[in-house]
1. State, as an integer percentage, the relative contact order of the range 56-193 based on alpha-carbon contacts under 8 Å between residues 6 or more apart.
2. For the full complex of protein chains and a 1.4 angstrom probe, list Met179, Met148 by accessible area with the highest value first.
3. Name the shape class, rounded, prolate or oblate, that the alpha-carbon gyration tensor gives for the range 215-297, where a ≥ b ≥ c are the square roots of its eigenvalues, rounded holds for a/c under 1.5, and otherwise prolate holds if a/b is larger than b/c and oblate otherwise.
4. Is the range 138-220 best put as rounded, prolate or oblate by its Cα gyration tensor, with a ≥ b ≥ c the root eigenvalues, rounded for a/c under 1.5, and otherwise prolate when a/b is larger than b/c, oblate when not?
5. Within the range 141-223, report the GluC sites (Glu not before Pro) that DSSP leaves as loop and that have at most 12 other Cβ atoms within 10 Å.
6. So, taking all protein chains as they sit and a 1.4 Å probe, how much accessible area belongs to Lys324, in Å² rounded to tens?
7. Expressed in nm², what is the orientationally averaged projection area of the convex hull enclosing the Cα positions of the range 271-355?
8. Tally Lys/Arg at +1 and Asp/Glu at -1 over every other residue whose Cβ is under 12 Å from the Cβ of Ser184; what's the total?
Amino acid sequence: MKKNIITTLVILGALAVIVFTLMKNKKENKAKTDIVAEKNAAVSVKIATVKTEDVSLDFVSNGNFEPTQELTFSAEKSGKVIRVLAKEGDVVREGQVLAIVRGDVINVNAQTAEAAYQTAQTDYTRFENAYKTGGVTKQQLDQSRLAMINAQSNLKQAKINVGDTEIKSPISGVINKKMIEVGSILAGMPPTNMFEIVNISKLKLKVSVNENQVAGLKLGNIIKVTSNVYPDKVFNGKITFIAPKADATLNFLIEIEITNNASNDLKAGMYGTALFASTQQKQNLMIVPRNAFVGSVSSNQVFVIENGIAKLKTVTAGRIFGDKVEILNGLSNGETVIVTGQINLQDGSKVEVIK
């Protein structure tokens, strides 16, 4: 009995030691956690200083080259393809025969129409001479003339049908896709697509500019254009369109037409850059980094630091110069703006500046 009591006391003592140790560790961990929490209460950010400096008024805008002419060429009438005279990559001119459709029946119909017209023409001449001598009535002459006109119309349509057996290119360009083969059956309704033709002798580069930038642009302005694929080659472009209305992002669409070089180095779909040169070389402007804005420049909101606290400010942004943005109102020289870490900030958050 005594032995059992001693064993129980030992077990209880051991349990007491374990509980004490766990409570002690819990307090120590909480103290460490509180220290970390206190330290991490401040959001780590990077900053930049608002300043006034000379800024080049030249700007660039990027877009993709598009062909000035492109066409998916479809069949107008039904028929069976018996010859294909062009393949993908071929340079073709307007009016060039690309394929031939079987025309046996069409040619026979044309010959029949030709014979009918010749007969109707002969009949009309005979009736006309007879009318002069009173051999036929005016009504018979008119009927003969109407028959000749109808036969002539049928002949014209038959010749058009014969011409349609030769499928001709409606524009000059390069065959980008060939969608028919010998033996293909063409349908007129819905039409069968036959060739995709792209003309890249001239291309257009579509770019967007903001309201401050568009104010200095005019139709006919000559713009330098480069391509990422050929960074050492500069092409001259001409502004052919300026959108009269801004899009949803408050930018204006500009179209620049570029004449390709002799080897047609520029291809539709390539990435291009338009270099807009200003008549004023530089201007003294108050600027901040573009990434200082919360979300995007159009939000017109930035965080500044005041006594270690992030303050959300509404500003008026002006022109964008690459990674810099002009500030028209809302900030002063020497103020500190936050350029990274805004996603974790709220107005009044504590901040810690990191290098």
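1. Working: 170 pairs, mean separation 65.0, N = 138.
Once divided by the residue count of the range 56-193, the mean separation gives 47 percent.
2. On the way: Met179 80, Met148 35 Å².
Largest to smallest exposure gives the sequence Met179, Met148.
3. Details: a/c = 1.70, a/b = 1.61, b/c = 1.06.
It comes out prolate by the Cα gyration axes.
4. It is oblate, given that a/c is not under 1.5 and a/b is not larger than b/c.
5. Details: sites: Glu166, Glu181, Glu196, Glu211; in loops: Glu181.
In loop regions of the range 141-223 (DSSP not H, G, I, E or B), the sparsely surrounded GluC sites (Glu not before Pro) are Glu181.
6. 70 Å²
7. Numbers: hull surface 29.4 nm².
If I average the Cα hull's projected area over directions, I get 7.3 nm².
8. +3
The values are calculated or read from the model by the stated rules, or taken from the named source; none is laboratory data. Please read all numbers here as calculations on a predicted model, not as lab measurements. Positions of Cβ are generated from backbone atoms using ideal geometry, with glycine treated the same way; all protein chains shown enter the neighbour counts. Accessible surface is based on the protein model in full, side chains and every heavy atom, while ligands, DNA and RNA are left aside. Shrake-Rupley method; radii C 1.70, N 1.55, O 1.52, S 1.80 Å.
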